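Shown next, in structure tokens, is the structure this report addresses.
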Amino acid sequence: MEIYEHIFDIKFQQITDQYAEGILGYDAKYLKVHTDCLVFSLWESKSNAFIGYIYFDFFPRDGKYTHRGHYMLQPV
């Protein structure tokens with residue numbers, strides 16, 4: 001991720017369970033879909049403008065696809 005930060009002039013900030021609860025309170029469960037899921041907020045370095053979130057969900061569990069996948073989300 002440091003390589004991407006350098007190339008694209010962005011920064012990642014990991015969203016921990018405690019940080020998510022501090023931002024959203026009881027609704028933090030909507031930001032982190034599972035405790036095993038890693039969530040990062042993505043920011044422009046120079047302007048400090050928020051770009052979006054990136055999710056990493058590496059661990060298998062019931063109800064999840066059994067293959068690897070990459071899914072693009074569209075802004076709304």
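Values in this text are rule-based calculations from the coordinates and carry no lab data. Only a predicted model underlies this, so the values are computations on that prediction, with no experimental measurement involved. For neighbour counting, all protein chains shown are included, and Cβ atoms are generated from backbone atoms with ideal geometry for every residue, glycine included.
With an 8 Å Cα cut-off and a minimum separation of 6 or more residues, compute the relative contact order for the chain in percent.
Relative contact order here is 24 percent.
Determine Rg/Rh for the chain; Rg is computed over alpha-carbon atoms and Rh is the Kirkwood hydrodynamic estimate from the same atoms.
Radius of gyration relative to Kirkwood radius: 0.99.
Give me 64, 32 sorted ascending by neighbouring Cβ count inside 10 Å, so fewest comes first. Working shown, then result.
Working: 64 11, 32 20.
Final ranking by Cβ density, sparse to dense: 64, 32.
Order these by the 10 Å Cβ neighbour count, fewest first: 72, 1.
With the sparsest Cβ surroundings first, the list reads 72, 1.
Please give, to one decimal in nm, the separation of the simple spin-label points placed at residue 13 and residue 40, each 7 Å out from Cα toward the Cβ.
With each label point 7 Å from Cα toward Cβ, the separation is 1.4 nm.
Would you kindly derive the ³J(HN,Hα) couplings of the stretch 28-33 from the backbone phi angles with the Karplus curve 6.51 cos²θ - 1.76 cosθ + 1.60 (θ = phi - 60°), listing them in order in whole Hz, with x for Gly and Pro?
Working through the residues one at a time gives 4, 4, 7, 7, 10, 6 Hz.
Exposure proxy check: 2, 21 ranked by fewest other beta carbons within 10 Å?
With the sparsest Cβ surroundings first, the list reads 2, 21.
Could you name the aspartates and glutamates whose alpha carbon sits less than 13 Å from that of residue 64, not counting residues in the same chain fewer than 8 places away?
Qualifying aspartates and glutamates at Cα under 13 Å: 36.
What does the charge add up to near residue 10, with Lys and Arg as +1, Asp and Glu as -1, over the other residues with Cβ less than 13 Å from its Cβ?
Net charge around residue 10: -2.
Restricting to DSSP H runs of at least four residues, report the calculated mean residue ellipticity at 222 nm for the chain, -39500 (n - 2.57) per run over all residues, nearest 500 deg cm²/dmol. Walk me through the numbers before you get to the answer.
Working: 2 runs with 15 residues, N = 76.
Result for the chain, helices only: -5000 deg cm²/dmol.
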